[in-house]
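The values are calculated or read from the model by the stated rules, or taken from the named source; none is laboratory data. Owing to the predicted nature of the structure, the values given are computational and were not obtained by experimental measurement. Neighbour counts are summed over all protein chains in view; Cβ atoms, including those assigned to glycine, are modelled from backbone coordinates with ideal geometry. Areas reflect the complete protein model, heavy atoms only, side chains present, ligands, DNA and RNA absent. Shrake-Rupley method; radii C 1.70, N 1.55, O 1.52, S 1.80 Å.
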Amino acid sequence: NICAIDQTGKPDMNRSELLSEWTTPGFDTSKSVRIAETSDGKIVGYIEVWDTDALPVANWVWARVHPTFEGLGIGTELMYWAEDRLQETFDRVPEDLRVTFRAGSLSTHSPTKNLLEDLGMTLNRFFWRMVIDLQKKTAAPVWPEGISLKTFAEVNDSAAVYRAFNDAFRDHWGHVEQPQAKGVAKWEHWIASDEVFDPSLWFVAVDGDSIAGICLCRKTEYEDPDMGWVNVLGVRRPWRKQGLGLAMLQHAFGKFRQLGKLRAGLGVDANSLTGATRLYEKAGMHMARELHIYEKELRPGRDISRHEL
């Protein structure tokens, strides 16, 4: 949070969220987290390696260095450790497949960008934090014919919702197919460990017996208590281009407003293969922050992650 305040002016995590992440099935803090500290025990940096996918071909590294201790080589040493640690993934991935890792930086934070570039990482994607002012009027949703809306409290089937999510996000940049059982287990862990989880804010659009789309929301966002957050918005292919995504988003805005929220936000791939940014702009949202995603190849081979439709 010290780093977040330095970079954005606000903290972005609480203890509950950190514990939820660190108890994710398959994540072992003794193997995947390292802490940098001074001789008197002051924590000045830490790093996480996320290789929890059953097929870990595109892994994530997340690190922070205390602003007062930037420029001393701490971040470099942490990243060296992470790269060495990720060599362990090779035994879990067929020899012909490419293995990479990714890390991110705010577009405005030059120390992190310079560090990643010095480590030989390549900038290859941009993600946006988009927001909307809910004190201004937003349009009411217009639902496609045959669609009805339920909440997760009514559906109460995490496996079915996860299948719909996975199907919708097969067209998301970087998607790699993973075993359903592991994905469902992670989702159920996040639901159980989220202290403010509200099943009435997980919206499920159905067409007969089929889930057409999902809009999974959280009633507060760690950085901004007055903001409702859209964690996931996805529409499965057969129901796209009918206005369903926009309708679900507008419905979420209305629910957030009823809860007294002043803003709503979400994160999105700025070059979304399905044109998500255009939909969000149509709904009245705007880009508030940009995240740069860097990637480095650990082992060459056939790339099985999604790059185009």
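Expressed as a whole number of Å, what is the distance separating the alpha-carbon centroids of segment 73-96 and segment 272-288?
If we compute the Cα centre of each part, the gap is 34 Å.
Add +1 for every Lys or Arg and -1 for every Asp or Glu among the other residues with Cβ under 13 Å from the Cβ of residue 174, and state the total.
So the surrounding residues net to -2.
What order, most packed first, do the peptides 89-98, 210-219 have when packing is the mean number of other Cβ atoms within 10 Å of each residue?
210-219, 89-98
Sort 181-192, 44-55 by the packing proxy (mean of other Cβ within 10 Å over each peptide's residues), most packed first. Don't jump to the answer; show the numbers that get you there.
Working: 181-192: 15.3, 44-55: 19.3.
Descending packing order for the listed peptides: 44-55, 181-192.
Could you give the distance between the Cα centres of segment 169-234 and segment 97-155, to the whole Å?
Cα centroid of segment 169-234 versus Cα centroid of segment 97-155: 13 Å apart.
Between the helical axis of 158-168 and the dominant principal axis of the chain, each derived from Cα atoms, what acute angle in degrees is found, rounded to the nearest 10?
80 degrees
Using amide H atoms built in the peptide plane, which far-off residues or other-chain residues are under 5 Å from residue 303 H to H?
The list, which skips near neighbours in sequence, is 98.
So what's the Cα pair-distance distribution over segment 13-144, bin width 5 Å, in %?
2, 8, 15, 18, 17, 15, 8, 7, 5, 4, 1, 0, 0
Based on alpha-carbon positions alone, could you give the equivalent ellipsoid semi-axes of segment 187-264 from the gyration tensor, as √(5λ), descending, whole Å? Display every interim value, and only then the final one.
Working: eigenvalues 104, 49, 18 Å².
After diagonalising the Cα gyration tensor, the semi-axes are 23, 16, 9 Å.
Quick one: which residues, 5+ away or cross-chain, put their amide H under 5 Å from the amide H of residue 231? H built at 1.01 Å from N.
216, 217, 218
How large is ³J(HN,Hα) for each residue in segment 67-83, as worked out from phi by the Karplus curve 6.51 cos²θ - 1.76 cosθ + 1.60 (θ = phi - 60°), to whole Hz, x for Gly and Pro?
Couplings: x, 5, 10, 5, x, 9, x, 5, x, 4, 5, 4, 5, 4, 4, 4, 5 Hz.
Leaving out same-chain residues fewer than 8 places away, which lysines sit with a Cα under 29 Å from that of residue 137?
Output for residue 137: 10, 150, 219, 241, 255, 261, 282.
I'd like the FRET efficiency for residue 210 and residue 38, computed as 1/(1 + (r/R0)^6) with the beta carbon distance as r and R0 of 45 Å, rounded to 0.05.
The computed FRET efficiency comes out at 0.20.
Looking at segment 67-191, what % of the alpha carbon pairs are farther apart than 20 Å? Spell out each step's value before the answer.
Working: 5411 of 7750 pairs.
Summing the P(r) tail past 20 Å for segment 67-191 gives 70 percent.
Please report, in Å, the Rg and the Dmax of segment 240-286, where both are computed over Cα atoms only.
11.3, 33
What is the dipole size for the chain, taken about its Cα centre, with +1 at each Lys and Arg Cβ and -1 at each Asp and Glu Cβ, in debye to the nearest 20?
Computed about the Cα centre, the dipole is about 1100 debye.
Enter the accessible area per residue of segment 1-158 (Å², integer; probe 1.4 Å; all protein chains in place).
Per-residue value: 54 Å².
What is the percent of Cα-Cα separations in the chain that go past 36 Å?
Result for the distance tail: 19 percent.
What is the spin-label model distance, in nm, from residue 19 to residue 92 if the labels are put 7 Å beyond Cα along the C-beta direction?
For the pair residue 19/residue 92, the computed spacing is 2.5 nm.
Quick one: which residues, 5+ away or cross-chain, put their amide H under 5 Å from the amide H of residue 44? H built at 1.01 Å from N.
36, 37, 38
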